[in-house]
Amino acid sequence: MELTTFSQQLPVVIQALNVGFVQTLKLFFVTLLGALPLGLVISFGSMSRFRGLRGVVKTIVWIVRGSPLMIQLMIIYYFPGLVLQPFLEQILGYSVNIGWGGGESGRFTAAAVAFIFNYACYFSEIYRGGIQGVPIGQQEAGQVLGLSKSQIFFKITLLQMVKRIIPPMANEIITLVKDTSLARIIALQEIIWAGQAFMKGSQGISGQLWPLFFTAVYYLAFNGVLTVLFAWLEQKLDYFKV
Amino acid sequence: MTALEVRNIQKNYGKTEVLKDISFSLEKGQVLAIIGSSGSGKTTLLRCLNFLETLQEGSILVNGKTIFDAASASKLTDEQIRENRLHFGLVFQSFNLFPQYNVLQNVTLAPTLLKLGTAQEIQEKAKKLIAQVGLSERIQAYPCQLSGGQQQRVAIARALALNPDILCFDEPTSALDPELTGEVLKVIKGLKSKDSTMIVVTHEMEFARHVADKVIFMADGIIEEMGTPEQVFGNPQKEKTKAFLQKSLEEF
Ligand SMILES: Nc1ncnc2c1ncn2[C@@H]1O[C@H](COP(=O)(O)OP(=O)(O)OP(=O)(O)O)[C@@H](O)[C@H]1O
Ligand SMILES: [Mg+2]
């Protein structure tokens, strides 16, 4: 049955977009959870005393930041199953299974890996700026007080760094919310995918463009919440100056 | 008793020799003032004593015990370096207070992390030190709410909280407005006692003359002249010392 009036379509569309948005949010939070700590590890790597390690890390960051996330998504999704697997089978002589699997969970894992890695590289540069922005005198003051490197980092540098990086991190995280839509390219069923389905036809609605446009409302609302959250955080750390 | 003995220390950055064969000693309870023109190596000397820089040559003895010898320095672990540091305290020209902590927390942070007593003991001691530098009223204030002079006094209390054998000051008043230098110098003068050994790098000649027991004039990485304030200020032997003192007099 074709749903023709807007009031008939609306609940169906909202329902479908909600499901898609849950997937969008899942990708967003999983990316944050992975990329926030991984970014710190990468930033330490890019500041390492060992020139070799530093060079490798900086090259990786350059590649990841310098190439489109969309291509990275496709490479990470397709490469293991479509390129690596046949190649390995040919040289090994028996069949192996190293793809992500065709299902939604396979697509999600591949997307999460791509996003975590990509965003960790961006975060690492922000962290590096934050850490190097803390005056060396802070570290030295900790040193002459006999504190260890980790005490200095966690008790002195970290909060000052957090305060410094909140504005650029807020930017990046708001971009991440919107970037999750790129996962559409590997057919992850996030909100854009859900909205687009009504163009081709789904649940009695076809040829409709407005559900796709309507997805923007979700992004806007969620980013509004994030903006308020970051403003609150900034204000929380307003009691001191760096 | 000899609190500090520095023997033949040398420090280079690449090809530039910044400290060339420096030796001196300091009795417990003495105040040593180090004067000298810009670039003569005064800051570097204090940084070496506080193990912020590694010496290439020489040794450092505290209370008769060798705590550093360049010959075996590469074997020092991070742990040992940290222990060595605790013999010394350093008050920086730019204070370097921790901005996210208030006055009390700045003073208690290190003793707490180093577990130098119960929380209560540490607090009580900190409050005493803060009173000593005249900041009891501002104990909850954050560094950004304090004047430079007040910040420097907190930095002094923070250094004292670890009971260093030798407390070093690197131009403690150079970053301050002239009207604030007095309050800081007064605090430092007030610390002088038979138990506290101090090294003060300073451009305040009056202070050096009246508070120090011993004065070192440094030039180009060597000790050009060393003696009592009367000797160095009253009767300098070297041309460089005379020229330097003459110049610093003219600044007034
Ligand atoms: N990290 C470094 N690398 C290279 N050279 C350095 C370094 N730190 C200091 N120097 C050099 O060492 C010399 C002594 O510097 P130092 O800061 O100890 O002088 P100072 O006596 O404290 O001078 P000022 O009165 O200006 O504070 C200077 O010539 C300086 O350029
Ligand atoms: Mg100096």
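Every number in this text was worked out from the coordinates using simple rules, so none of it is lab data. Computed from a predicted structure; not experimentally measured. No Cβ is skipped: glycine too gets one built from the backbone with ideal geometry, and neighbour counts run over all protein chains shown.
Which FRET efficiency value, to the nearest 0.05, do you get for A:Trp210 and B:Gln105 by plugging their Cβ-Cβ distance into 1/(1 + (r/R0)^6) with R0 = 51 Å?
E between A:Trp210 and B:Gln105, to the nearest 0.05, is 0.35.
Separation between the A:Thr227 and A:Val56 pseudo-spin-labels, each 7 Å from Cα along Cα→Cβ, expressed in nm?
Label-label distance for A:Thr227 and A:Val56, simple model: 4.3 nm.
Under the definition of partner shielding as Cβ atoms of other protein chains within 10 Å of a residue Cβ, what is the mean value for peptide B:82-90?
Going residue by residue through B:82-90 and averaging, the value is 3.
Per DSSP H run of n ≥ 4, the term is -39500 (n - 2.57); total these for chain B, divide by its residue number, and report the mean residue ellipticity at 222 nm rounded to 500 deg cm²/dmol.
Value at 222 nm, helices only: -10500 deg cm²/dmol.
Lys pairs in chain A, Cα-Cα under 27 Å, at least 8 apart or on separate chains: how many?
Lysine pairs meeting both conditions in chain A amount to 17.
Just to be sure I understand: with springs between alpha-carbon atoms less than 10 Å apart, which residue in B:Asn235, B:Asn50, B:Asn163 has the highest mean-square fluctuation in the Gaussian network model of chain B?
Highest fluctuation of the listed residues: B:Asn235.
What percent does the relative contact order of chain B come to when contacts are Cα pairs within less than 8 Å and at least six residues apart?
26 percent
Take every residue in peptide B:176-187, count the Cβ atoms of other chains within 10 Å of its Cβ, and give the average of those counts.
Taking the mean over all residues of the peptide, I get 0.
Could you tell me how far the Cα centroid of the range A:162-203 sits from the Cα centroid of the range B:7-28, in Å?
61 Å
Across peptide A:158-167, what mean number of C-beta atoms from other chains lies inside 10 Å of a residue's C-beta?
Partner Cβ neighbours, averaged per residue: 1.
Return a whole-number percent for the relative contact order of chain A, with Cα pairs under 8 Å and 6 or more residues apart as the contact set.
Reported as a whole number, the value is 28 percent.
In nm, give the distance between the simple-model label positions of A:Gln196 and B:Glu179, each being 7 Å from the Cα along the Cα-to-Cβ direction.
Taking the simple label geometry, A:Gln196 and B:Glu179 are separated by 6.9 nm.
According to a simple spin-label model (label point 7 Å from Cα along Cα-to-Cβ), what is the distance in nm between A:Val41 and B:Ile139?
Output for this residue pair reads 4.5 nm.
Looking only at trypsin sites (Lys or Arg not before Pro) in DSSP loops with at most 13 other Cβ atoms within 10 Å, what is the longest site-free stretch of chain A?
A:50-240
Give B:Lys11/B:Lys75; B:Lys42/B:Lys238; B:Lys75/B:Lys194 a once-over and call out the pairs whose C-alpha atoms are over 26 Å from each other.
Check vs 26 Å cut-off fails for B:Lys75/B:Lys194.
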